[in-house]
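**Q** Can you keep this structure in mind? I'll have questions shortly.
Only the coordinates and a few stated rules stand behind these numbers; no lab work does. Everything numeric in this text was worked out from a predicted model, so none of it was measured. Using ideal geometry, Cβ is built from the backbone for each residue, glycine included, and neighbour counts are taken over all protein chains shown.
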Amino acid sequence: MNDPQKLSLSFRAILAFFATILLIGIGSPLLADDTAERIEILPTDIKLSSLRETMQLLVTAYHAGDQLRDATRDVTFTSTNEEVIKIQGTEVFAVGNGSADIIVKLAALEQSIPVTVTGVETADSVSFQHEVLPTLTRLKCNSGACHGSPSGKGGFRLSLAAYDIVLDRLSLIRESQGRRANILDPGRSLMLLKPTMTIPHGGGLRLMKNNHSYRVLRNWIKEGCKVDPEDSPECVKLELLPHSGRLLKRPHDAQQLLVLAHFSDGSIRDVTKLTRFDSSDEAVATVSANGLVAGIDRGNVAITARFLVHLESCQLIFVKDVEGFAWNNPSEANYIDTHVHSKLQQLQFLASDLCTEDEFLRRVYFDTIGILPTVEEAETYLADSSPDKRSQLIDTLLERPEYSRFWALRWSDLLRLKKSLMTDRGVFKFYEWIVTSLRDDMPLSEFAVQLLTARGSTFENPAANYYRALKDMNECTEATSQLFLGARLQCAKCHNHPFERWTQDNYYGISAFFNRVQRKDGARAGEMVVWMAREGDVTQPRTGQKMKPWLPAKGDVEVDGNQDRRDMFAEWLTAPDNPFFCRVAVNRIWAHTMGRGIVEPVDDFRDSNPPSNAELLDALANDFREGNFQQKHILRVILNSHTYQRSSRTTEFNQDDSKYFSHARRRLLGAEQLLDAICHLTGVPESFAGLPEGTRATQLPSPPGHEFLDVFGQPQRTTTCACERTSESNLSQAIQLFNGKLIHGKLTSEQNRFRKLIEAEKSDEEVIRHLYLAGFSRPPQSGELEAAKNHIQSKEDRVAAFEDICWAMINTNEFLHQH
Amino acid sequence: MLNLYRISSFTLLIVVFTFNLSVHPAGVLAEEKVSFIHDIGPILVQHCQSCHGPKTAESNYRLDSFEKLKTAGDYDTPPITPGNLDESELFRLITADEDERMPANGESLQESQIALIRTWIEQGAEFDGKDASAALMSQIPRSPYPQPPETYATPIAITALEFSPTGEQLWTAGFHELLVWNVADGKLVRRVKNVAERTYQLAFSPDGSRLLLCGGSPGVSGEARLVNPESGEEILLLGTSTDLALDAAFRPDGLKVAVAYADNSVVVFDVESGKEDRMIASHGDWVTAVAWSPDGKRLATSSRDKTSKLFDAENGQIVASFGGHGQPVHGVAFNADGKQVFSAGSDNKVKAWNPDDSKEIGVVTEFGGESYKLVSQADHLFSISADHTARQHKLEDRAEVRKFEGHADWILSLAVHSSSGLLATGAFDGNVRIWKLEDGSQVADFVAVPSNAQ
């Protein structure tokens, strides 16, 4: 009865019971206020220099084990002197000149921040440049779909994201006899009546009357629509807080942002309510107009803040506890796996198992040399029992002649090898030059330098065809940037880039490296000579300014009078400290083998498009740089990694992953690969006009205008964009596969593989097995063998039965896809 | 005892009566009937119709006519149920919590407005207008013109000015008023109120008995009116529009008026009856100016659609169209015999063109900025520009007579009084100058706003 043991047992049981309830009830572990070890407040000291100035406060609570959370809305703020400052919500307001502190309290932790208020008596009128224009950008009035379009909307035109202050001043203040502003009755100004839908507005309700943005515009009008005096301080830097890299775990997946504008006179102002915020992935997190980020699902995201021409981004990682998840610590082959696993563990995904040997065989052949293994090669590999056969196969394939030709296909796409652009002979020579560079594993830096500084006859120096394909300064600028900097600069030709920090000035600054390239016909037919003029400058078309050559991350550069400016660009590009070259190059190689870049699209690197695994990208880039920019080394590392060799079958714990490489990606074979595979399976090669017999599709120097290849997405090479090659399926493809002329021809050809085997009197089983090894690189499973044999029995015409089987094979996902 | 009883019941009555009054907010006593047309319609038009009207119908609900007001949109609940507030969704929404509250742009209706709607529904939600299916806008009474402020915080752009028939006074466009100045000493002598927000043209009838003014509120409404210049009283409201009336002109015989609108139309009115004779809808964008030929048979126009056109005023047919500016055209005038048309545009040029073949005859002058209104009077052509100058040319040979320089901002308006030999110009910064045509000297230079003068 009163047995102490029994009592304590039951007491423990009760305790355990309650503890369990507690744990179940809470779910994800909560970071309670009273477990915070310290708090950090930003900004660390505040200066308000007029009655109108406010400051958003940002508080971070740090807990055990490096965990942190945004505690801005959990703390209490108290002013030590309400005559100087007062705090409303999470912002501090100026009341009177003087100094005071803000006391910040979270449970037992307390900290104070000093605030100085001056200039309460100054007028501080609303700034057109630093308040009105950013407000229009924030409200998206001047976006490309609305009034920022080249012809405006409804007769009202603004410059895109306020890149042209002169135009905006005219439109808002003066146009049509000052129609849009009503200084004597500001609330009745057309520019306020419309967005508040007080009168009909094609753009709908875009502004609430009780909004800060409304007050900015209204007060500016009330003060007389003034423009800033000539000597006003300029915004020289934008600071977005908190700094990138935070990991936020549900339920603490809200984060307030603070945007500070640094001016040329040293002043710093809070412009959070004047900034336009965007999320790079709304499925991961959204951001409110006032900079409050809300996590939706796990993943990493970049929140960009735009204020005038300044663009900054904050990278955040959102994680949550996945029920039933337990990290299984898969083995690692090299650093790639280390980084990939680290990210998977962080986001709570599990990696799939490694793929089977026949899957690996087929996959690595396609990725390195673009074609299927022969039946003999397949049998040999599958029978091989050495533990490192995968690694050996990789080494062998990288030395095969088909390797350089297949990878030359990628470069040929980007460098626009096209007969109509550079003549037959030109294409041939350029293609062979590329093939040789790849075969000899020429460092990519050398490859780039040769291309960029090429001159002379396109017959004698094939690299000069680079400038033949790129006909003028603009094409040189845009293509070179997309190719080597991973930047799509096109938008900046006419105005500042809407999504990135490239300005129109930057565009023309880069053009200054290429504007002196001249082209003229050579002596021989079809020859072009590329030469450099000794003078000539680029004029910015909007400002009329002569542009100095400009390099990203470096600024304007001085170049000696007669020096070939391209040398300087190429030197900068391939320098060890160049932040673009290596990352862009390895990302492309990664995308080709893994099916998706770490940055995707591969030629669209920007702050608002962050890499899915930044550490992985940097590690690969470093390895590339240290490996003398050579491709084979990187390929070897990638292909040998477990990450590359994973199965494409997903599990419950990684089926939602599309970015973090927990499993292999299924993708449709490239047009050339598919054609070659069909030819290989059927044993009927395709002939291409003007090329020697046996030329494969993956070795074509120039797109031949072949119906099958076109339908399956072979690029026409009119641009440098990697997006030209589409991998999306469409109806025409389905029709080609079902009853297209090409496939039909090969299936019915007298010379095809199975006919020859039948003629050699092979048994059904032998022929079927042979076909499977040829098409799938594996022997048929017993069920498949049965089904095939039954089909042959059921048909009178044995040949026709095999046509059916072969046709069926071609139409399977297993055949059509890289998996 | 009787006295006390009487007093106390009287007091009680007073208390009850006062209590009754205080329960019903400003102006509405329990018995007084709320008029839909006078009390409710204006609220709906001003605060609701932009989102629930012909251009945009949120939730597929419109209230731009009485019939539509009673028809439910996407939601099944009836907007109005006579006598029943609980079954009136419209009433629920205007008193709902912030996230559902109507109007949706953050500016809730005032208590007095909500009270009016409440009472109207309780009283049976009746319609006292003429036509339940017609647009509300056409049936609610005209709202009175707001009164201008005592003094202006800043000068306003001078969008119109005109000399009085004797030339002794100059009328300028003010904010919800017209300002009358002495030419001799530049002093403000009169403020004519009850005018639209902005005025874009002023013109006296040939016999001086009527003043034609046109203008409006940009993007909101426009109108052209005839006013008695002596008393400032309205004689006739000629026409209204959903955007500004940008120019208006008397026919030389004073019997007709042509008005140019921002809704792309030109309308001819009869001065006596105020009836609309004809509407010409040929332009593709705002009609910025209109001029009658000397014989009153034709109308020339200029437009933001980059053309200047010529119409037969009798039947409205188009006679000619000139596109030589390639930019919006802002001013138009005839030469002395009506056989040439002058037009001024954003290409900075004043051009002469031939209405017979729509071809350019020549460039009269090229400014350093956009060119606006044109006036042709007494054998001369007067033009103004954003380059701060006005110019005078001979009509006959287009030779330049003089440049008038001195303004510090874009010149937007001009007027000529040939018998006094005076030219007046008004600029974007509010500066008005009066010049002698004889020698180009300045007679007056002032900022046309009421400050301390009355």
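**Q** Tell me, how many Å apart are the Cα centres for segment A:321-351 and for segment A:692-738?
**A** First find each Cα centre; the distance between them is then 37 Å.
**Q** Hey, another quick one. How would the protein assembly as shown be classified by its alpha-carbon gyration tensor: rounded, prolate or oblate, with rounded meaning a/c under 1.5 and the a/b versus b/c comparison settling the rest?
**A** prolate
**Q** Also, quick follow-up: Just how large is the dipole of segment A:193-272 about the Cα centre, in debye to the nearest 20, putting +1 at every Lys and Arg Cβ and -1 at every Asp and Glu Cβ?
**A** Roughly 660 debye for segment A:193-272.
**Q** Between A:Ala760 and A:Ile103, what length comes free when the chain is fully extended (0.36 nm per residue of separation minus the Cα-Cα distance, one decimal in nm)?
**A** 227.3 nm
**Q** Ok, one more. Where does each of A:Phe653, B:Phe342 land when they are ranked from fewest to most other beta-carbon atoms within 10 angstrom?
**A** Details: A:Phe653 19, B:Phe342 27.
Lowest count first: A:Phe653, B:Phe342.
**Q** Return the long-range amide H neighbours of B:Ala313 (sequence gap of 5 or more, or a different chain), with a cut-off of under 5 Å between placed amide H atoms.
**A** Amide H neighbours of B:Ala313: B:Arg298, B:Leu299.
**Q** How many percent of DSSP beta bridges within the protein assembly as shown run antiparallel, rounded to 5?
**A** Given both bridge residues lie in the protein assembly as shown, the antiparallel proportion sits at roughly 95 percent.
**Q** So if I take the centroid of the Cα atoms in segment A:173-221 and the same for segment A:106-129, what is the distance between those two points in Å?
**A** 29 Å
**Q** Pull out a ≥ b ≥ c, the square roots of the eigenvalues of the alpha-carbon gyration tensor of segment A:128-222, then state rounded if a/c is under 1.5, prolate if not and a/b is larger than b/c, and oblate in the remaining case.
**A** Rounded, since a/c falls under 1.5.
**Q** For B:Arg210, B:Arg142, A:Arg69, what's the fewest-to-most ordering of other Cβ within 10 Å of each Cβ? Walk me through the numbers before you get to the answer.
**A** On the way: B:Arg210 20, B:Arg142 9, A:Arg69 23.
Result, fewest neighbours first: B:Arg142, B:Arg210, A:Arg69.
**Q** So how do A:91-100, B:231-240, B:153-162 stack up, highest first, on mean other-Cβ count within 10 Å?
**A** Per-residue mean Cβ counts within 10 Å order the peptides as B:153-162, A:91-100, B:231-240.
**Q** Normalised by the number of residues in chain A, what is the relative contact order in percent for Cα pairs under 8 Å and 6+ residues apart?
**A** About 10 percent, as a whole number.
**Q** Using only Cα atoms, tell me the angle between helix B:2-23 and the longest principal axis of chain B; keep it within 0 to 90° and round to the nearest 10.
**A** Computed tilt is about 50 degrees.
**Q** OK, next. If amide H atoms are built 1.01 Å from N in the plane of the peptide, which residues on other chains or at least 5 residues away come under 5 Å of the amide H of B:Val364?
**A** Correct list: B:Val350, B:Lys351, B:Ala352.
**Q** In addition: Is there a simple number for the mean count of other chain Cβ atoms within 10 Å of the Cβ of residues in A:187-199, and what is it?
**A** The shielding value for this peptide is 4.
**Q** Label A:Glu399 and A:Asp618 with points 7 Å out from Cα along Cα→Cβ: what is the distance between them in nm?
**A** Each label point lies 7 Å from its Cα, and together they span 3.7 nm.
**Q** Moving to a separate point now. Cα to Cα, under 25 Å, and not fewer than 8 places away if on the same chain: which lysines meet these conditions relative to B:Lys373?
**A** Excluding near neighbours in sequence, the set is B:Lys256, B:Lys297, B:Lys306, B:Lys309, B:Lys339, B:Lys349, B:Lys351, B:Lys359, B:Lys394, B:Lys403, B:Lys436.
**Q** Considering only C-alpha atoms, what is the centroid distance from segment A:435-481 to segment B:144-193, in Å?
**A** Cα centres, segment A:435-481 to segment B:144-193: 72 Å.
**Q** Along the charge dipole of the protein assembly as shown, pointing to its positive end and built from +1/-1 on Cβ of Lys, Arg, Asp and Glu, which listed residue (A:Phe802, B:Ala390, B:Ser265) has its Cα farthest out?
**A** B:Ala390
**Q** Go through B:Ser209, B:Gln123, B:Leu236 and say which Cα lies farthest out towards the positive end of the charge dipole of chain B; charges sit on Cβ, +1 for Lys and Arg, -1 for Asp and Glu.
**A** Ranked along the dipole, the leading option is B:Ser209.
**Q** Once you have the Cα-Cα distance between B:Glu150 and B:Val363, take 0.36 nm times their residue separation minus that, and quote the gain in nm to one decimal.
**A** That pair, B:Glu150 and B:Val363, stretches by 72.2 nm at full extension.
**Q** Rounded to the nearest 0.05, what FRET efficiency do A:Arg250 and B:Ala134 have when you use their Cβ-Cβ distance and R0 = 60 Å?
**A** With R0 = 60 Å, the Cβ-Cβ based efficiency is 0.55.
**Q** Using only Cα atoms, find the angle between the long axis of helix A:212-222 and the longest principal axis of chain A, and express it within 0 to 90 degrees, rounded to the nearest 10.
**A** On a 0 to 90 degree scale, this one is about 60.
**Q** Quick check on segment B:204-307: take the gyration tensor over C-alpha atoms, sort the square-rooted eigenvalues as a ≥ b ≥ c, and tell me if it's rounded (a/c under 1.5), prolate or oblate.
**A** Details: a/c = 2.00, a/b = 1.27, b/c = 1.58.
The shape class here is oblate.
**Q** Something else now. Which one of A:Ala378, A:His310, B:Ala224 has its Cα pushed farthest toward the positive end of the charge dipole of the protein assembly as shown, where Lys and Arg give +1 and Asp and Glu give -1 at the Cβ?
**A** Of A:Ala378, A:His310, B:Ala224, it is B:Ala224.
**Q** Okay, moving on. Roughly how tilted is helix B:111-122, in degrees to the nearest 10 and between 0 and 90, from the longest Cα axis of chain B?
**A** Approximately 60 degrees, to the nearest 10.
**Q** List, in order, the whole-Hz ³J(HN,Hα) value for each residue of segment A:757-772 obtained from phi through the Karplus relation with A = 6.51, B = -1.76, C = 1.60 and θ = phi - 60°; use x for Gly and Pro.
**A** For segment A:757-772, the Karplus-derived couplings read 5, 4, 4, 7, 6, 7, 6, 3, 4, 5, 5, 4, 4, 4, 5, 4 Hz, x marking Gly and Pro.
**Q** Please list, in chain and number order, the residues 5+ apart from B:Ala320 or on another chain whose amide H is under 5 Å from its amide H, with Hs placed from the backbone.
**A** Excluding prolines and chain starts, which carry no amide H, the hits are B:Leu310.
**Q** Read phi for every residue in segment A:246-261 and hand back ³J(HN,Hα) as whole Hz from Karplus 6.51 cos²θ - 1.76 cosθ + 1.60, θ = phi - 60°, with x for Gly and Pro.
**A** Computed from phi, the couplings for segment A:246-261 are 5, 10, 10, 10, 4, x, 8, 10, 10, 9, 7, 10, 10, 10, 10, 9 Hz.
**Q** How crowded by other chains is A:202-210, given as the mean number of beta carbons from other chains within 10 Å of each beta carbon?
**A** Numbers: counts 2, 0, 3, 8, 1, 2, 4, 5, 5.
That average works out to 3.
**Q** Moving on. At a 10 Å Cβ-Cβ cut-off, how would you order A:Ser342, A:Ser125, fewest neighbours first?
**A** Lowest count first: A:Ser342, A:Ser125.
**Q** Tell me the label-point distance for the pair A:Gln563, A:Ala808, using the 7 Å Cα-to-Cβ offset, in nm and rounded to one decimal.
**A** The two pseudo-label positions are separated by 6.9 nm.
**Q** Additional query: Find how much the distance from B:Arg92 to B:Thr71 grows on full extension, using 0.36 nm per residue of separation minus their present alpha carbon separation; answer in nm with one decimal.
**A** Working: separation 21, 0.36 × 21 = 7.56 nm, distance 1.58 nm.
Here the segment from B:Arg92 to B:Thr71 would lengthen by 6.0 nm.
**Q** Go ahead and run the numbers for FRET between A:Gln781 and A:Ser50, Cβ-Cβ distance against an R0 of 60 Å, rounding to 0.05.
**A** The formula returns an efficiency of 0.15 here.
**Q** Between B:Glu122 and B:Gln317, what is the spin-label point distance in nm, taking each point 7 Å from the Cα along the Cα→C-beta axis?
**A** Here the modelled spin labels are 6.5 nm apart.
**Q** Residue by residue through segment A:187-203, which ³J(HN,Hα) values in whole Hz follow from phi under the Karplus form 6.51 cos²θ - 1.76 cosθ + 1.60 (θ = phi - 60°), with glycine and proline marked x?
**A** 3J(HN,Hα) across segment A:187-203, in whole Hz: x, 9, 5, 4, 6, 10, 4, 5, x, 8, 6, 6, 10, x, 9, x, x.
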